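To start, the structure itself, in structure tokens.
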Ligand code: ZN
């Protein structure tokens, strides 16, 4: 089965920046499982995976425009340290979520100068060219429920197929309820 829209894809991946630094990797963690075509992953990588099947490996370079976008210097702005509230420790490099016009946004503290705090609301990987090494592990059809929710419902690892009657203690089975509130 090849990768196309509305299929659930499992990949192992390593992501490096243009300078070769490893930015993210599934090697030390779980493989990434996503629904193709549901905007679960960046469009530039998704497009390059179309037509691939389990066992295929690809290396690709995704320009910033197809990844997290170019940096926008208008998203760099100053606030007053007092805006953080009494007793809040503010440090360069600190990241937090702030409410922006398009919902919660990750903001990074760039500089501290006296009472002035320079913030950057660009995505941490904005402006970065991304170098991916990807191995396709599995491709399957998404269920109707997964497509409705727009995210993957992981099968229970104990082999019970995430059914309601799983009795394997501690298997992490959600008993058929994905818990996403839908
Ligand atoms: Zn769900």
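Apart from one condition, residue 11 fits all of (1) within 15 Å of the chain's Cα centre (by Cα); (2) farther than 27 Å from residue 102 by Cβ; (3) free of Cβ contacts under 8 Å to residues at least 40 places away in the same chain; the exception is (3).
Would it be correct to say that residue 104 is under 17 Å from the mean Cα position of the chain (by Cα) and surrounded by 11 or more Cβ atoms within 10 Å (Cβ to Cβ)? No: the conditions fail for residue 104. A count restricted to the stretch 97-130 and to residues that are in contact with a strand residue (DSSP E or B) (Cβ under 8 Å, 6 or more places away or on another chain) and free of Cβ contacts under 8 Å to residues at least 12 places away in the same chain stands at 3. Which members of the stretch 11-31 meet the condition of being in a strand (DSSP E or B) and either farther than 14 Å from residue 140 by Cα or not assigned by TED's automatic domain parsing to the domain that holds residue 133 (or both)? Selection gives 12, 13, 14, 15, 16, 22, 23, 24, 25.
Can you find a residue in the stretch 52-64 that is part of a loop (DSSP other than H, G, I, E, B), surrounded by 11 or more Cβ atoms within 10 Å (Cβ to Cβ) and free of Cβ contacts under 8 Å to residues at least 40 places away in the same chain? No; the residues of the stretch 52-64 include none that is part of a loop (DSSP other than H, G, I, E, B), surrounded by 11 or more Cβ atoms within 10 Å (Cβ to Cβ) and free of Cβ contacts under 8 Å to residues at least 40 places away in the same chain.
The values are calculated or read from the model by the stated rules, or taken from the named source; none is laboratory data. What you are looking at is a predicted structure, and each value in this text was computed from that prediction instead of being measured. Glycine gets a Cβ as well: all are built from the backbone with ideal geometry, and neighbour counts include every protein chain shown.
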